[in-house]
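Notes for the one structure printed next.
The values are calculated or read from the model by the stated rules, or taken from the named source; none is laboratory data. Note that the coordinates shown come from a computational prediction; the quantities given were computed from them, not determined experimentally. Counting neighbours? That spans all protein chains shown, and the Cβs are built from the backbone with ideal geometry, glycine included. Calculation scope for accessible area: heavy atoms of the full protein, side chains included, ligands and nucleic acids excluded. Shrake-Rupley method; radii C 1.70, N 1.55, O 1.52, S 1.80 Å.
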Amino acid sequence: MADETSLQAEIFSRIAEVGQEAWDDRAESGNPFISYAFLSALEESGSVGAGTGWLPRHLGLRAEGGALLAVAPCYVKSHSYGEYVFDHGWANAFERAGGRYYPKLQIASPFSPVPGPRLLGHGARVADMALALEKICEAGGCSSAHVTFCTEAEWAGLGQAGWLQRLGMQFHWENPGYESFEDFLGALSSRKRKAIRRERREAQAGLTFRALSGAELTASVWKRFYEFYLSTVERKWGGAYLTPEFFPLLGRRLGEKVVLMLAERNGRPIAGALNLLGDGVLYGRNWGSTEDVPFLHFELCYYQAIDYAIAHGLRRVEAGAQGEHKIQRGYLPKPTFSAHHIAHPGLRAAVARFLEVEREDISRTMEALAKEGPYKRDEET
């Protein structure tokens, strides 16, 4: 590896400036959320860009001879929404003290709390990427840089480079080789097994369910799904980050990797859950419903996802951020990782103290929650 003086950082204001072949060659992970298809759909649909608070400024790192070694999905942020690793408290404290927290640099897959690689390449070290990101922050007047939902290896490398390390938690379902949903239920304690069967009966009453992909994802299907998406936004008092153009564009770009679970009453969709397929993993993302049906969220987002994963031999379902209620439905706690460069020494010291306590708390919480899982104990088997 060449030393840092022979490397050159380049900023791309659109992912199209990098190109699909060059980007995906460096991503090469099978994770759809850092693919050219996903990120370009966000840009071309207007879900990110000027006026959204997510301004693309993707990093490229070149060798002295001009070869593109690595890339990273980077955005200059004017707020802290759509990230799922929350730093509002840091921003508020810094600005009350007279500092200026925004703009900041976010290295992430926008609106996607999905773990995966963020520093993409096969010829550059994490330390090289960290240094380039720090220089971009300084040159662009950014207070900080945040690599969120990165891999554990990236987290460790960024920590060695002096970045602050944050620990988070999600809930994932693991498939050891179940042959059916009933096979999965057989691994649960009797009480939890009965509870899930009851939930599924109530949720499924009068409804039919389909999983659509590829050519099945027509314009009318996406129009209906956008209604579901907006219904969730309205219930949560949030903002509609994704535009109506995003979902059909994503369907065309990713094809069979898009799995849309629909619940229908008398042939009319009343709810939907969007999933993306990775390398042996089903990633749950957006969902919504126009009817209030008991347990339908659990059925469409968790149980239908498990059914699909078993039927297709997938090894894992990642059902998104937050939600301790997922534990009793077979999804167990898993750590997530992020790393943070903060330029101001006072703010950095305060955040470092906070993260030290938070990491310990997350570790204890994960250990305690794992013990509450629905799976049979040794004495029950």
Exercise. State which residue pairs qualify: first residue under 28 Å from Gly251 (Cβ atoms) and in contact (Cβ under 8 Å) with a residue 40 or more places away in the chain and inside segment 201-213, second residue hydroxyl-bearing (Ser, Thr, Tyr) and not in a loop (DSSP other than H, G, I, E, B) in any location, beta carbons under 9 Å apart, and separation of 6 or more residues or different chains.
Key: Ala203/Tyr303; Ala211/Tyr308
Quiz item: List the pairs whose first member sits in segment 218-243 and is closer than 19 Å to Ala263 by Cβ, whose second member is modelled with pLDDT of 90 or more and β-branched (Val, Ile, Thr), and whose Cβ atoms are under 8 Å apart, counting only residues at least 6 apart or on separate chains?
Solution: Glu227/Thr290; Phe228/Thr290; Ser231/Thr290
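Please determine, by comparing only the residues of segment 132-160 that are among the aliphatic types (A, V, I, L, M) and part of a helix (DSSP H, G or I), which one is most open to solvent (accessible area, probe 1.4 Å). It would help to see each step written out before you state the result.
Here is the first cut: in segment 132-160, the residues among the aliphatic types (A, V, I, L, M) are 132-133, 136, 139, 145, 147, 153, 156, 158.
Then drop every residue that is not part of a helix (DSSP H, G or I), which leaves 132-133, 136, 139, 153, 156, 158.
Numbers: Ala132: 9, Leu133: 0, Ile136: 33, Ala139: 94, Ala153: 77, Ala156: 42, Leu158: 0 Å².
Among those that are among the aliphatic types (A, V, I, L, M) and part of a helix (DSSP H, G or I), it is Ala139.
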Quiz item: Which one of the conditions (1) open to solvent by less than 40 Å² (accessible area, probe 1.4 Å); (2) free of Cβ contacts under 8 Å to residues at least 24 places away in the same chain does Pro32 fail to meet, given that it meets all the rest?
Solution: (2)
Quiz item: Any idea how many residues of segment 233-258 are out of contact with any strand residue (DSSP E or B) (no Cβ under 8 Å at 6 or more places or on another chain), in a helix (DSSP H, G or I) and aromatic (Phe, Trp, Tyr)?
Solution: 1
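Within segment 289-302, track down each residue that is touching a residue at least 60 places away in the same chain (Cβ under 8 Å), surrounded by fewer than 24 Cβ atoms within 10 Å (Cβ to Cβ) and in contact with a strand residue (DSSP E or B) (Cβ under 8 Å, 6 or more places away or on another chain). Walk me through it before giving the result.
The initial filter retains those residues of segment 289-302 that are touching a residue at least 60 places away in the same chain (Cβ under 8 Å), namely 289-290, 293-296, 298-300, 302.
Then drop every residue that is not surrounded by fewer than 24 Cβ atoms within 10 Å (Cβ to Cβ), which leaves 289-290, 293-296, 298.
Ser289, Thr290, Val293, Leu296 - these are the residues of segment 289-302 that are touching a residue at least 60 places away in the same chain (Cβ under 8 Å), surrounded by fewer than 24 Cβ atoms within 10 Å (Cβ to Cβ) and in contact with a strand residue (DSSP E or B) (Cβ under 8 Å, 6 or more places away or on another chain).
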Practice problem: Residue by residue through segment 161-180, note down the ones that are under 24 Å from the mean Cα position of the chain (by Cα) and surrounded by fewer than 16 Cβ atoms within 10 Å (Cβ to Cβ). | Solution: Glu174, Pro176
Quiz item: Across segment 93-131, what is the number of residues that are outside any loop (DSSP other than H, G, I, E, B), free of Cβ contacts under 8 Å to residues at least 60 places away in the same chain and open to solvent by less than 10 Å² (accessible area, probe 1.4 Å)?
Solution: 4
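Tell me whether segment 72-80 contains one or more residues that are in contact (Cβ under 8 Å) with a residue 40 or more places away in the chain, open to solvent by 10 Å² or more (accessible area, probe 1.4 Å), not hydrophobic (A, V, I, L, M, F, W, C) and not in a helix (DSSP H, G or I).
Here is the first cut: in segment 72-80, the ones in contact (Cβ under 8 Å) with a residue 40 or more places away in the chain are 72-74, 76.
Now drop any that are not open to solvent by 10 Å² or more (accessible area, probe 1.4 Å), which leaves 76.
From the residues that got through so far, the ones that are not hydrophobic (A, V, I, L, M, F, W, C) too are none.
The answer is no, given that none of the residues of segment 72-80 is in contact (Cβ under 8 Å) with a residue 40 or more places away in the chain, open to solvent by 10 Å² or more (accessible area, probe 1.4 Å), not hydrophobic (A, V, I, L, M, F, W, C) and not in a helix (DSSP H, G or I).
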Quiz prompt | Answer from Leu217, Leu230, Leu260 - the residue that is surrounded by fewer than 19 Cβ atoms within 10 Å (Cβ to Cβ), aliphatic (A, V, I, L, M) and more than 17 Å from Glu43 (Cβ to Cβ) | solution = Leu230
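Only one residue in Ala370, Ala343 is open to solvent by less than 70 Å² (accessible area, probe 1.4 Å) and at pLDDT 95 or above. Which one? Even if it seems obvious, please write down each step before you answer.
Working: Ala370 fails: at pLDDT 95 or above.
The unique qualifying residue is Ala343.
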Exercise. Being open to solvent by less than 40 Å² (accessible area, probe 1.4 Å) and either in a strand (DSSP E or B) or among the acidic types (Asp, Glu) (or both) is the filter here, so list the residues in segment 181-200 that pass it.
Key: Leu188, Glu199
Practice problem: Identify, from the list Gly267, Gly255, Gly280, Gly272, the residue that is in contact with a Lys or Arg (Cβ under 9 Å, 6 or more places away or on another chain), at positive phi and of a type outside the set (A, V, I, L, M, F, W, C). | Solution: Gly280
Exercise. Could you list all residues from segment 355-372 that are touching a residue at least 12 places away in the same chain (Cβ under 8 Å) and of a type in the set (A, V, I, L, M, F, W, C)?
Key: Leu355, Ile362, Met366, Leu369, Ala370
Quiz item: What residue, of Ala349, Ala305, Ala311, Ala321, is open to solvent by less than 50 Å² (accessible area, probe 1.4 Å) and free of Cβ contacts under 8 Å to residues at least 24 places away in the same chain?
Solution: Ala349
